[in-house]
Structures are given as structure tokens and as C-alpha cells.
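> Before I ask anything, let me first share the structure, which is written out below as C-alpha cells.
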Amino acid sequence: KAVCGKQESLSYCEFLAVLLPPIEDVFEDADIPVVHPRSLTRTGSGITPIPRGLSGLEQTWDPSQPISTFLPLLQSGLKAPLLFHESIQVRTVVRSMSDGHHRWVIVEYSSGKREFFDYMDVNKQLLTQMGRSRKLFFGTKGPPSDSMLALSEMPVGVLANCSQLSAYVPIAVHQPLSDILSLLSGSSPSVRRCPVIDSQGNMLHVFTCLDTLKLLLRCAGPAAVLQSRAARTFDRRGSMMEISVQHDDAMLNALRIMDQEGSTICPVTSRELSGDMGGVVASGVVSVSDLKWVMSSGQFDILSQPVSKFVNWRDCNVTANLTDRLRQERLRRFNVISVRAGDSLHMLAQRILESKLQRIFLSSEELGRIVGIVSSRDILIEVLDQLR
């Protein structure tokens, strides 16, 4: 009743919307701002104003132009990232991330070095401490809670980028946009976000794959490329079971799957529901960011429970005070969290930006199942050759 209200049923896409994190927990740093850590002030140098008359799809796409040419198109929803010294405890950092709805923060070392820290690092360190070589069963006693407690008290500098998800690689604002696109789409090193600095070393922006989507949708050439390509290129129905977790499996196995796949989310399913038709029928979704609820509550033993029990525990923590207004907002999200395989990449890019999520589902209407999980980086890699 809290979800359906007076409706007698939900469409499959509405059902998927309800499975995702509630609207009050959407990460606000989906619109990455021009950033000013600590007392750094933004300088006027290095940023080129948008030429008068160039807006929307009139903006010319030329990745050989300096990054400064494109920054004005991204200067909306300003919000500075958090910066922590390497000595601060992980639990303190995670609490600040949770309160401010940040996916990641910057860790600064006494040596002057900087690294990114995110929930994937928490997950990696937890699995490393428990020993990833053995299979994890939900009957395990002691180790999950002991490991999580020890982890929460560690200096954040020990964990920063231990997952190797995103190296901290600054790039000068005068370099061509193509340099950032190459960094974000490459694998050595893995870079998912790139600090843009001016000639004085001040950070002007942290460029992400979501920023790339914003630029592609605002420029006529790339927008046409996205329109010409179908989202079904990301149909992975044959392997979805491998990147999903069984509802009666240990929550730790869900974390292991996300670590191995480099993914922040993992659908919850059962072989009885999904069968052998391809794709998966999702009964829930877990995320690496769920670790913040574990750490903030101190109920570390919940990680030893089956996924189904963990999801119920998490939802009770998150939605205890869910109002009718929030329920309606959650239901409206069905328009933005699932894209049909026959839709274009243009539609897929729009939905990712609208959802404020890192990844969204690709669904099959004929199967009534999830057949893929797509990120902004996946789209960039798919069309990069046509953008150069």
C-alpha cells in the first residue's frame, strides 16, 4: 500500500523504479560542479565564454578545442566536493558523504598527493580483509562484523582508490577535450573522473562521463550519432544472471560480484523467477552505497545475512518515514530508470542524466526482464570513434 496507493497493480517499469534507491537518497553530485576545495577561489583565467548565439544544439562539436571552451556548458548545479586529510577515519568520511549525498570525495595526503575515495573502495577493502579467495556463505559468523568495524576505524588514506576505479589524474584546462575523452574511456590507468586545473594549479572542475553525455546531447553532431544508434547494443541478456545475485545468497556475495564487475549496483533475482529465457526478473537491487547504512547503523552482522533479509533491513532504515509525496516521486521515476532495447542511445543518455543515477537498466518488453545495465562510460566507449 505504501508503494501502490490506490493502484491495483504496477507496470514492470514502475516496479523497477520502486526497486531503486528512494528519491531522498539520490546522489546530488550527478551534476558535477565547478569546484573550489578549501579556500581555493575560482579565477577567471582559462575559461572561454560561450559565443553569443551558440546554445543548445547550435554548439559546435570540435574535441580538438581546449577544455575551457566546453566548461561553460557544464556550469550548473554548482556544488563543491568534499576534501579530507588522509588521517580522518573512514566512518567520519562516509558519514559526511551520506549526509551530503556525495558519491565520492577527495583525499589529500601530507605529501601533497591526492586520491579519490568512494564506496567501491570501502567494498574492496572489506573483501580484501575477509579473503576473497574463498566462497562467502551467509552462515559465516564474526568476520564480516569484525572486518567492517576495523575498516570503519582506518584512516581514509589507506583506502583511497584501493579499488583502482579512478586514479587522480589532473588535466590542464588548455588541453584539448579529446585528451579527457581518451582518459575517461581508457583502462591504464582507470580514470572515471578527471580534475581540470588552471595554470596556477587551481581546480576548476571535476570532469566525469556524465559531463560527456551533457556535451554530446548539446552538440548537433554527437546528438545525431546517438540518435542513429540503438540501445540494444548493450543487450547482455545471456550474461545477466552472472552479474546478478540470488535472493537467498549472502549479501557478501553481492558485494563480491560488484567488485569483480566494477559495478556499483547488482540486481537481486532467483533462478525460479528468471528461468532460462535470458535476462533476469529483478526482485530487488543492492548497491555498494548500501554500505553507508551498515556503517552508520553499526549493525555489521547484517552483512552475514541473505540478500533478501539485507534488502528488507535496508528498506526499513531508508523508508521508515516515507510520505505520500515521496511515494509519488518514486513512481514517477519509472520514466527514467529503464530504457527499452529498441530505443536510441540518445534516449538512453537522456534517461541516465534525468535519473541522477550512475547506471540504469535496459529492459525487454517482450521478455519483461532486465537485459542490461548501462553507464555513461559505456555510452562514451561505444561512440568514441565516431566523435573524434
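> Taking the conditions exactly as written (at pLDDT below 80, surrounded by 17 or more Cβ atoms within 10 Å (Cβ to Cβ) and of a type in the set (D, E, K, R)), does Arg340 satisfy them or not?
yes
> Condition test on Leu226, is it at pLDDT 95 or above, within 22 Å of the chain's Cα centre (by Cα) and either closer than 30 Å to Val307 by Cβ or not β-branched (Val, Ile, Thr) (or both)?
Judged against the criteria, Leu226 is a match.
> Does Arg314 satisfy being among the basic types (Lys, Arg) and modelled with pLDDT of 90 or more?
Details: among the basic types (Lys, Arg): yes; modelled with pLDDT of 90 or more: no.
Against the criterion (among the basic types (Lys, Arg) and modelled with pLDDT of 90 or more), Arg314 does not qualify.
> Sticking with this structure for a sec: Going by what's in this entry, would Ser87 be described as open to solvent by 30 Å² or more (accessible area, probe 1.4 Å), over 24 Å from Asp259 (Cα atoms) and in contact with a Gly (Cβ under 9 Å, 6 or more places away or on another chain)?
yes
> State the number of residues belonging to region 220-242 that are part of a helix (DSSP H, G or I) and either touching a strand residue (DSSP E or B) at 6+ places or on another chain (Cβ under 7 Å) or free of Cβ contacts under 8 Å to residues at least 24 places away in the same chain (or both). Reasoning before the result, please.
To start, the set of residues in region 220-242 that are part of a helix (DSSP H, G or I) comprises 220-228, 231-234, 240-242.
Pick out the ones that are also either touching a strand residue (DSSP E or B) at 6+ places or on another chain (Cβ under 7 Å) or free of Cβ contacts under 8 Å to residues at least 24 places away in the same chain (or both) and you get 224, 226-227, 231, 234, 240-242.
Qualifying residue count, region 220-242: 8.
> Could you check how many residues of region 289-307 are over 17 Å from Gln246 (Cβ atoms), open to solvent by less than 40 Å² (accessible area, probe 1.4 Å) and among the hydroxyl-bearing types (Ser, Thr, Tyr)?
Qualifying residue count, region 289-307: 1.
> Can I ask one more? Looking at region 362-374 only, could you name the residues that are surrounded by fewer than 22 Cβ atoms within 10 Å (Cβ to Cβ) and farther than 16 Å from Ser274 by Cβ?
Answer for region 362-374, where residues must be surrounded by fewer than 22 Cβ atoms within 10 Å (Cβ to Cβ) and farther than 16 Å from Ser274 by Cβ: just Glu365.
> I would also like to ask the following. Only one of these is surrounded by fewer than 19 Cβ atoms within 10 Å (Cβ to Cβ), in contact (Cβ under 8 Å) with a residue 12 or more places away in the chain, outside any helix (DSSP H, G or I) and β-branched (Val, Ile, Thr): Val107, Val169, Val158, Val196. Name it.
Step by step, each of Val107, Val169, Val158, Val196 is checked, and only Val169 is surrounded by fewer than 19 Cβ atoms within 10 Å (Cβ to Cβ), in contact (Cβ under 8 Å) with a residue 12 or more places away in the chain, outside any helix (DSSP H, G or I) and β-branched (Val, Ile, Thr).
> If I filter region 199-219 down to residues being open to solvent by 40 Å² or more (accessible area, probe 1.4 Å) and in contact (Cβ under 8 Å) with a residue 40 or more places away in the chain, which single residue comes out as nearest to Leu348 (Cα to Cα)? Walk me through it before giving the result.
In the first step, residues of region 199-219 are kept if they are open to solvent by 40 Å² or more (accessible area, probe 1.4 Å); the result is 199-201, 218.
Keeping just the survivors that are in contact (Cβ under 8 Å) with a residue 40 or more places away in the chain gives 199-200, 218.
Values: Ser199: 36, Gln200: 38, Arg218: 15 Å.
Per the criteria, the residue is Arg218.
> Could you please find all residues in region 201-215 being under 13 Å from Asp378 (Cα atoms) and part of a strand (DSSP E or B)?
Thr208
> Taking region 266-288, which residues are under 18 Å from Arg256 (Cβ atoms), under 20 Å from the mean Cα position of the chain (by Cα) and open to solvent by less than 10 Å² (accessible area, probe 1.4 Å)?
Cys266, Pro267, Val268, Gly284, Val285, Val286, Val288
> Search region 172-193 for residues being surrounded by 13 or more Cβ atoms within 10 Å (Cβ to Cβ) and polar (S, T, N, Q), and hand back the single one that is nearest to Lys113 (Cα to Cα).
Only one residue tops the list, namely Ser190.
> Sticking with this one: Which members of region 196-210 meet the condition of being in contact with a Pro (Cβ under 7 Å, 6 or more places away or on another chain) and among the small types (Gly, Ala, Ser)?
Selection gives nothing.
> Among the listed residues Ser145, Ser98, Ser190, which satisfies the condition of being within 22 Å of the chain's Cα centre (by Cα), part of a helix (DSSP H, G or I) and at pLDDT below 95?
One residue alone meets the criteria, Ser98.
> A further question on this structure: Checking the structure you have, find out if any residue of region 248-256 is open to solvent by less than 10 Å² (accessible area, probe 1.4 Å), touching a Phe, Trp or Tyr at 6+ places or on another chain (Cβ under 7 Å) and part of a helix (DSSP H, G or I).
Applying the first criterion (open to solvent by less than 10 Å² (accessible area, probe 1.4 Å)) to region 248-256 yields 250-255.
Narrowing further to those that are touching a Phe, Trp or Tyr at 6+ places or on another chain (Cβ under 7 Å): 250-251.
Adding the requirement that they be part of a helix (DSSP H, G or I) leaves 251.
Yes, region 248-256 has at least one match.
The values are calculated or read from the model by the stated rules, or taken from the named source; none is laboratory data. All of these numbers come straight from a predicted model, not from anything done at the bench. Reconstructed Cβ throughout: ideal geometry from the backbone, glycine too, with neighbour counts over all protein chains shown. Ligands, DNA and RNA are excluded from the accessible area calculation, which covers all protein heavy atoms including side chains. Shrake-Rupley method; radii C 1.70, N 1.55, O 1.52, S 1.80 Å.
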